[in-house]
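Read-outs: derived from the displayed coordinates by stated rules, not from any lab. These figures come from a predicted structure and were not determined experimentally. Positions of Cβ are backbone-derived with ideal geometry, glycine not excepted, and every protein chain shown enters the neighbour counts.
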Amino acid sequence: MSRGATFTNDPFTLLSFAMLRTISVTTTIFFIVVQVPGFGICQTVHTGPPDPNFCATAEHIKPNLELDRTTRVTGRVIDQSGAPFKKSRVELRKYMSEERQIAVKTVLTDQDGRFDLGAIKSGRYRFLPSPSRAFQQPERLDCSNRANCQLDITLKANPTDLPESSCPIR
């Protein structure tokens, strides 16, 4: 058992927690203790789905960017309100299979949400313009038969209270 942080809001209340067990990358059980003089209250909190293989089966991963020649890939990432994703991670992965993608390049967007991945060789890729599941990843991006490809991406917010919200992005 590893000990967590301790927080004191006033002299009579102490909140502490201990991480009991990490079941998988996405599932952790916490034991929360609130101590009030004369009382003791405990609660077990389970985060993430109980099935350790849940994330592998929750979604079917497909390539969302296919290049038929070496292409310079640039673009801009914004949300539905038009606000840019500032200093946000954008990742390109070579698609090998649904279970396996290999990181090719990771860059940060600038203050205006713009990114430049440079020249990318032909192939099938998984392009991840959002660093988290808070936003949906694009299903399909078109850069066919172009030497320079400008991707203007508007990301749509995802519900964050679903079981797959705790899974890593793929």
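Observations
- Relative contact order of the range 59-157, defined on C-alpha pairs under 8 angstrom at six or more residues apart (%): 43
- Net charge of Cβ neighbours under 9 Å - reference Leu92; Lys, Arg +1; Asp, Glu -1: +3
- Candidate lysines for bridging to Lys62, where Cα separation is under 22 Å - those fewer than 8 sequence places away on the same chain excluded: Lys94, Lys105, Lys121, Lys156
- Length gained when the stretch Asp110-Asn148 is fully extended (0.36 nm per residue, less Cα-Cα span): 11.7 nm
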